[in-house]
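The values are calculated or read from the model by the stated rules, or taken from the named source; none is laboratory data. From a predicted model like this one, the values you see are computed outputs, not experimental measurements. When we count neighbours, we look across all protein chains shown, and the Cβ atoms used for this are built from the backbone with ideal geometry, even at glycine.
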């Protein structure tokens, strides 16, 4: 089972995905959204630095997070070139600030 980890620092929320972001993460996403339904964040970071595979359902999960979480700014951190390519091909840079980590 692929799990998500969250960490709160001040008014920022960081969500760290495992080796893949796909439909297997949906239950964890629903739980996360329920837990933070009434919270407001200045910044939400989705950390994909450990992610090696990003499925089309994972792209949908990113959009669900952006639509459902109450945050002023959303960004993604990416390390794997294949994940970066998938985000670029899906024009996710129009929805998120994307940082490529070496």
Return the residues of segment 1-26 that are over 25 Å from residue 100 (Cβ atoms) and at pLDDT below 90; say none if nothing qualifies. 1, 26
Those residues that are within 16 Å of residue 71 (Cβ to Cβ) and either under 13 Å from the mean Cα position of the chain (by Cα) or part of a strand (DSSP E or B) (or both), I need them from segment 17-56; list them, please. 29, 32, 33, 41, 42, 43, 44, 45, 46, 47
Hits in segment 58-81 (condition: loosely packed, with under 15 Cβ neighbours inside 10 Å, outside any strand (DSSP E or B) and touching a strand residue (DSSP E or B) at 6+ places or on another chain (Cβ under 8 Å)): 70
Among the residues listed as 84, 55, the single one being more than 15 Å from residue 4 (Cα to Cα), in contact with a strand residue (DSSP E or B) (Cβ under 8 Å, 6 or more places away or on another chain), free of Cβ contacts under 8 Å to residues at least 24 places away in the same chain and surrounded by 15 or more Cβ atoms within 10 Å (Cβ to Cβ): 84
